[in-house]
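Visitor: The structure's right below; bear with me while I get my questions together.
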Amino acid sequence: MAEALPVGRFPAFLSSRKTLFAVLWISAFGSVFLWQRDIVGAGFSMFGKTWPGRSVPEGRAFEFNMTDFGGVGDGVTDNTAAFERAVLEISKLGKKGGARLNVPPGKWLTAPFNLTSHMTLFLAEDAEILGIQDEARWPLMPPLPSYGYGREHRGPRYGSLIHGQNLTDVVITGNNGSINGQGQSWWKKYRQKLLNHTRGPLVQIMWSNDIVIANITLRDSPFWTFHPYDCRNVTVRNVTILAPVFEAPNTDGIDPDSCEDMVIEDCYISVGDDAIAIKSGWDQYGIAYGRPSRNILIRNLVVRSMVSAGISIGSEMSGGVSNVTVENVLVWSSRRAVRIKTAAGRGGYVRDISYRNLTFNDARVGIVVKTDYNEHPDLDYDKNALPILENISFSGVHGERVRVPVRIHGSEDIPVRNVTFRDMNVGIAYNKKHVFQCAFVQGRVIGTIFPAPCENLDIYDENERLVKLSTAQNVTDIDYGI
């Protein structure tokens, strides 16, 4: 089930998720992003490179219905063979433009199945694909090459409910139909340590390009929800992603992993871990794989994470993360709003990251950079593989009821360089000192911001003229007790 909203937090007329989403969206942004949005399919320019966010194709040369292949949407019948027959038929039509598979209203129970190139999976309104809960029906796959032995256990990992490898031109869309991983049994067995393999995502697309996920709901994944791995030209638009905010471990919403040229926009995400986490491999395995995540645009989102963060980079970022823009995002009722997390042993870099027009509403910590996230695949990682964190900017950051608006925790070995703050006004939850916390940080503040910045940062006026040069970049003022 979707998470329940806190009693008394919102008036009765905001009790439905759709109404809440609309009100938060309008009140947070108004018309701010209307002039910023590009025409769909026209592309956008980021760091000197222009590339398009892909629109949903108009149609396919051929069209099929699940019932054509013996499918029954009664929530009881196993439709695995029907999906497999449909995909096989579509795979024969790639040179003719591919085909669309319609999933009509109903509950379509299935074990994991693979997609094919030049395919559109279309879920009608009130159509729901349900994942079979018996893990024996979920195939085992080799560990991801950039993660070594596996994320949770050594050896093989479970595949995803909907999977694809080496594909091109794949669309998963509909009239807000749903894909439901029925993850409750997985979460329970994980907590009880009854699983012998890493859990599988809900949707995982690997080594593929020209992927669109749009106009659907993804919910209750056993593990990460949508995991594009080493993909190019991926668009996620108008997608709702849900899992309980507690007791649904590692149900990240969207995890771009060694991906390039990706757009995530107009989405609502409320899950049991990071709403979005940009990754690129883990320690020595990610360094060896060497595929960065770059050229990623995240915009016009409402997100919630009471366990982790709204928008994260890392901690598995050993292949590097660069050229990321996060704009027009509301983070509400969350433990952390935006976070960069890494550690010695990761190597790689996080650079050229731009955050614009962020709103934090009721967050424990607003902006977090953490350089001692010491979780490693094994003991063979190189402790001298130090990540580089540089060129990170925050502009137009506002909010209320935030306990610690900023906590940038660099270290002598992993300093944070060239951080910029501009146009920031965040209302704090408690009248305490040291709510703008820094350690081993170099950067600047342009104009007046609230709360007052840490002494590590240079001060410039609104016209970007130097007012005060910091001599305390290595000062530590981190207090996790707040």
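The values are calculated or read from the model by the stated rules, or taken from the named source; none is laboratory data. No experiment lies behind these values; they were computed from the predicted model shown. In this analysis, Cβ positions are derived from the backbone assuming ideal geometry, glycine residues included, and neighbour counts consider all displayed protein chains. The protein model used for the area step is the full one, side chains on, heavy atoms only, and it has no ligands, DNA or RNA in it. Shrake-Rupley method; radii C 1.70, N 1.55, O 1.52, S 1.80 Å.
Visitor: For the chain, what is the calculated [θ] at 222 nm in deg cm²/dmol (nearest 500), taking -39500 (n - 2.57) for each run of four or more DSSP H residues and dividing by its residue count?
Guide: -2500 deg cm²/dmol
Visitor: To continue, here is another question. Based on C-alpha coordinates, I'd like the Rg and Dmax of segment 84-132, in Å.
Guide: 11.4, 33
Visitor: Separate question: Do any chymotrypsin sites (Phe, Trp or Tyr not before Pro) in segment 400-482 lie in a DSSP loop with no more than 11 other beta carbon atoms within 10 Å, and if so, which?
Guide: Sparse-neighbourhood loop chymotrypsin sites (Phe, Trp or Tyr not before Pro): 430, 480.
Visitor: I'd like to check one number: the per residue accessible area of the chain, probe 1.4 Å, reported in Å² as a whole number.
Guide: 39 Å²
Visitor: Where the centroid of each part is defined by its Cα atoms, how far is segment 394-433 from segment 319-363 in Å?
Guide: Centre-to-centre distance over Cα atoms comes out at 12 Å.
Visitor: Arrange the residues 141, 262 by how much accessible surface each exposes, largest first, with a 1.4 angstrom probe.
Guide: Reading off the accessible areas and sorting them downward yields 141, 262.
Visitor: For the charge dipole of the chain, defined by +1 on Lys and Arg C-beta atoms and -1 on Asp and Glu C-beta atoms about the Cα centroid, which residue among 384, 98, 306 has the Cα displaced farthest towards the positive pole?
Guide: So the residue furthest toward the plus end is 306.
Visitor: Taking the Cα centre of the chain as origin and charging only Cβ (+1 Lys, Arg; -1 Asp, Glu), how large is the dipole, in debye to the nearest 20?
Guide: Charge dipole of the chain: 420 debye, to the nearest 20.
Visitor: More than 17 angstrom separation, counting every C-alpha pair in segment 204-251; what % is that?
Guide: 41 percent
Visitor: Can you check what the net charge comes to around residue 394, using other residues whose Cβ is under 12 Å from the Cβ of residue 394 (Lys, Arg +1; Asp, Glu -1)?
Guide: Net charge in that neighbourhood comes out at +1.
Visitor: A further question follows. Net charge near residue 177, counting Lys/Arg +1 and Asp/Glu -1 over other residues with Cβ under 10 Å of its Cβ?
Guide: Summing Lys/Arg as +1 and Asp/Glu as -1 gives -3.
Visitor: In addition: Percent relative contact order of the chain, based on C-alpha pairs within less than 8 angstrom and at least six residues apart?
Guide: Relative CO of the chain lands at 8 percent.
Visitor: Can you pick out the pairs among 279/383; 370/432; 433/468 whose Cα atoms lie more than 25 Å from each other?
Guide: None, as every Cα separation is 25 Å or less.
Visitor: Now for a different question. Within the set of other residues whose C-beta is less than 15 Å from the C-beta of residue 318, count the net charge using Lys and Arg as +1 and Asp and Glu as -1.
Guide: Taking every other residue near residue 318 into account, the sum is -1.
Visitor: Let me ask you something else. Show which aspartates and glutamates lie in cross-link reach of residue 189 when reach means a straight Cα distance below 14 angstrom and same-chain residues fewer than eight apart are skipped.
Guide: Output for residue 189: 134, 135, 152, 247.
Visitor: Which shape class applies to segment 47-198: rounded if a/c is under 1.5, otherwise prolate when a/b exceeds b/c and oblate if not, where a ≥ b ≥ c are the square roots of the Cα gyration tensor eigenvalues?
Guide: oblate
Visitor: I would also like to ask the following. Averaging sequence separations of C-alpha pairs under 8 Å and six or more residues apart, then dividing by the length of segment 74-130, give the relative contact order as a whole percent.
Guide: Taking the mean separation of contacting Cα pairs over the length of segment 74-130, I get 42 percent.
Visitor: Here's something else I'd like to know. For semi-axes √(5λ) of the Cα gyration tensor in Å, the listed values are [x] 38, 24, 22; [y] 82, 36, 19; [z] 72, 20, 17; which was obtained by calculation from the structure presented?
Guide: Structure-derived value, by its label: [x].
Visitor: Could you give me D for segment 211-310, from Stokes-Einstein at 37 °C and 0.692 mPa s, where the hydrodynamic radius is the Kirkwood radius over C-alpha pairs? Units µm² s⁻¹, please.
Guide: So the translational diffusion coefficient is about 244 µm²/s.
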